[in-house]
Amino acid sequence: MTILIEPTTPPCASVPEVYHDEQLHSPPARTDITAAEWESLNVKRASAHRQCAGCPVMTDCLYRAVVEVDVSGFVACTTELDRHLIRRQLGITVQQASTTPYGAPRVGGGPVSHEAVMTARQAYPKDTCHQLADRLGCSTSTIKRHLRRAREAKLEAREAIRETSSQPTMDAVLDAFDMLSTSKIA
Ligand code: SF4
């Protein structure tokens, strides 16, 4: 008798748009949106969090997104900031740019300068990346890349990052994940 084992599809594969929702993976500050929008965001995030928490490949997905490839999107119960905080806790940086469907590579320049993007962000703080891209005539991924670069520069200016050449263990990544207040959302 032949036993067929159905491959399990990760929840994100069915609704990729949810995991690429800008407000989910790069949440706005509470003061930037209304109470109703904040509540809606919390509900959306809790739902995605539960899906990831129940995903059969969650730990591998988290490890890869934290240690191996810098991806965009809400991944393995984490926002981009969450993953940055885990890396900082572990004292690691990611060298490899993403080539996965998760998101665009973090390297390379765009047609718009970093200064132009930051100036536009300052002038229109409530704009989405899509709206900023429209204003500047570039792609949304270019805007995201520049905004991320600015966020990382800000965080790195506050404290030095301890560099290490060795990769952390899965347990170390999970411990750092457990220390996030957002890891307990679901
Ligand atoms: S843990 Fe990773 S693979 Fe699983 S649903 Fe979440 S993002 Fe998708």
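Rounded, prolate or oblate for the stretch 1-92? Axes are the square roots of the Cα gyration tensor eigenvalues, ordered a ≥ b ≥ c, and the cut-off for rounded is a/c under 1.5. Verdict is oblate for the stretch 1-92. If you add up the charges near GLN131, with Lys and Arg at +1 and Asp and Glu at -1, over every other residue whose beta carbon is less than 11 angstrom from its beta carbon, what do you get? Value of the local net charge: 0.
Each reported figure results from applying straightforward, stated rules to the coordinates on display, with no laboratory input. In this text the structure is predicted, and so the values were computed from the model without any measurement. Ideal geometry is used to build each Cβ from the backbone, glycine not excepted, and the neighbour counts take in all protein chains shown.
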